[in-house]
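Have a look at the structure below before the remarks.
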Amino acid sequence: MKTIDTLEGLAMPELDYQHQNIWPNDFGQQQSPIALTDAIPADAIELAITQPWRINQEIDDATCIRLNGIGQTIIDAQPFQFQQAHFHAPAEHFVNSDVVAELHLVHQSAVGGLAVIGLPIYLGKANATFQSVLNHFERRHTTAIELELTTLLPSHGYLYHYIGSLTTPPLTEGVQWYLIDDKKLTVSPQQLAAYQASFVPNNREIQVRNHRRLLYQAFQIKERR
C-alpha cells in the first residue's frame, strides 16, 4: 500500500477521497472545510509577509502537488513560519460555483499552532507560477524548484477567518483559517486539465459549521521583504 507524509511527518495510507467517511476522526466539532456564508463583518486584520514564501522542493504527494519552502508571515502580531503549499481541485471551501481549485499556504508558529491562508482559483488567463509548477512536476518524484509564491497574494482586500481543522487526517482542530476573497488568481482550462490528468479529485466534503463564528475582515499587506 502506498503511503504519504502528513504535515506532522507521519506516514499514513494514501488517502481515498471516495470513502472519506472512513477517515479516522477523533474530533468532529470544528472541522474544515465549510461554506463561507453568513460571515460577520469584523475589524481589519494585520497581515505582513516579513520573509517571502520561497519554494525549494516540489513533491508528488500521491493526491496532490506539495511545494515545500521557507518564509515568514505575521498574522495579528503573531509570527508564523511558512511550511508548504498544496492544491485542491475541486476547491474545498465553498465561495461560489465559479471557483475551480484552492491553494493552501500552510504556516506553523513557534509553539506549533497552525494557520492556513487559502486562495481561491478561477478559470481564466494562464498563470505563469502554476505553469512552472506543472513544468517541474515528475510523477512519484521529488524535484528541486526555485519559485516564489508571495506574489500570488493580493496587496489588500478582504478575507474570511474562522477556526477549523486540517482537511486530511489526522484532521487536527484548532487551525486558524484565512480564506482570501479575491478573483484575480486564475489558471487556464488547459492548465487545470493538465493538473487533473495526474490527480483524482482531492477535495474534502463540506463540514458542519456547528455555530462557529465566520469573520469577514479587511486586510492590507503592511510589509514585504
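The values are calculated or read from the model by the stated rules, or taken from the named source; none is laboratory data. Since the structure is predicted, the reported quantities are computational estimates derived from the model, not experimental observations. Quick reminder, even Gly has a Cβ in these numbers, built from the backbone with ideal geometry, and neighbours come from all protein chains shown.
Remark: pairs (first residue in the stretch 214-225, more than 13 Å from ALA48 (Cα to Cα) and among the aromatic types (Phe, Trp, Tyr); second residue exposed (fewer than 15 other Cβ atoms within 10 Å of the Cβ) and modelled with pLDDT of 95 or more; Cβ separation under 7 Å; 6+ apart in sequence or on different chains) = TYR216/ILE40; TYR216/PRO41; TYR216/ALA42.
Taking the stretch 195-225 as the range and being farther than 21 Å from TYR160 by Cα, surrounded by 16 or more Cβ atoms within 10 Å (Cβ to Cβ) and either touching a Pro at 6+ places or on another chain (Cβ under 6 Å) or not polar (S, T, N, Q) (or both) as the test, the residues that pass are TYR195, PHE199. Taken together, the residues in the stretch 119-164 that are among the polar types (S, T, N, Q), assigned to a loop (DSSP other than H, G, I, E, B) and surrounded by 15 or more Cβ atoms within 10 Å (Cβ to Cβ) amount to 1.
Results for (1) more than 12 Å from the chain's Cα centre (by Cα); (2) on the phi > 0 side of the Ramachandran plot, shown as yes or no for each residue.
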position	(1), (2)
THR73	yes, no
ALA77	yes, yes
PHE94	yes, no
LEU105	no, no
LEU119	no, no
THR129	yes, no
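The residues on offer are SER97, SER109, SER165, SER132, and the sole one that is of a type in the set (Gly, Ala, Ser) and at pLDDT below 95 is SER97.
If the condition is being more than 22 Å from LEU134 (Cβ to Cβ) and in contact with a Pro (Cβ under 7 Å, 6 or more places away or on another chain), then the stretch 72-108 contributes GLN72, HIS93, VAL95. Give the stretch 1-24 a look and list any residue that's at pLDDT 80 or above and either surrounded by 11 or more Cβ atoms within 10 Å (Cβ to Cβ) or outside any loop (DSSP other than H, G, I, E, B) (or both), or say none. LEU15, ASP16, TYR17, GLN18, HIS19, GLN20, ASN21, ILE22, TRP23, listed by residue number. Being in a strand (DSSP E or B) and either within 20 Å of GLY69 (Cα to Cα) or without any contact (Cβ under 8 Å) to a residue 60 or more places away in the chain (or both) is the filter here, so list the residues in the stretch 177-191 that pass it. Within the stretch 177-191, TRP177, TYR178 meet the criteria. Listed by first and then second residue, the pairs with beta-carbon distance under 8 Å, at least 6 apart or on different chains, first residue in the stretch 40-61 and more than 16 Å from GLN84 (Cα to Cα), second among the small types (Gly, Ala, Ser) and at pLDDT 95 or above, are ALA44/ALA218; ILE45/ALA218.
Pairing residues of the stretch 137-150 that are within 13 Å of ARG66 (Cβ to Cβ) with residues that are among the aromatic types (Phe, Trp, Tyr), at Cβ distances under 6 Å and at least 6 apart in sequence or on separate chains, gives LEU149/TRP53. Within the stretch 54-74, restricting attention to residues that are of a type in the set (A, V, I, L, M, F, W, C) and touching a Phe, Trp or Tyr at 6+ places or on another chain (Cβ under 7 Å), the residue that is surrounded by the most Cβ atoms within 10 Å (Cβ to Cβ) is CYS64.
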